[in-house]
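Peer 1: One structure is given below, represented as structure tokens, and several questions about it will come after.
None of the figures in this text is laboratory data; all of them are computed from the coordinates on show. Since the structure is predicted, the reported quantities are computational estimates derived from the model, not experimental observations. Heads up, the Cβs are rebuilt from the backbone with ideal geometry, glycines too, and the neighbour counts pull from every protein chain shown.
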Amino acid sequence: MDENKMVAGKVKKPGKRGRKPAKIDLKAKLERSRQSARECRARKKLRYQYLEELVSSKERAICALREELEMYKQWCSAMDQGKIPSEIKALLTGDEQKLPAGGSSTKTSRSKNNNISSNGQS
């Protein structure tokens, strides 16, 4: 009984636990491994394609936002010089037809801006 161990009142026999591995054909095992590796590489390739498309989409959005920011900077510098850009005049008068194709398509609400008091509360 020296070889056997007592654990929680039960006699444990030394050796491996669980099922004994079945005799698996080595060629079949290698082929499954190769197939799994092929599938993994294909998934990785798709994931990288998706991420590259996402990055290029974000880069395009950044460029568009930079152009819009530059346009607003130009408007501000023109207004600092006392000039009102034609795009802002068109927004203020509500003439959407006068806006250039590259201009901002959002229309500001004058009634919202007029309701805000000097302390920033409505």
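Peer 1: Take each of the peptides 66-72, 37-43, average the number of other beta-carbon atoms within 10 Å over its residues, and list them starting from the highest.
Peer 2: 66-72, 37-43
Peer 1: Any idea how far apart residue 55 and residue 34 come out in nm if each label point goes 7 Å out from Cα toward Cβ?
Peer 2: According to this spin-label approximation, the distance is 3.3 nm.
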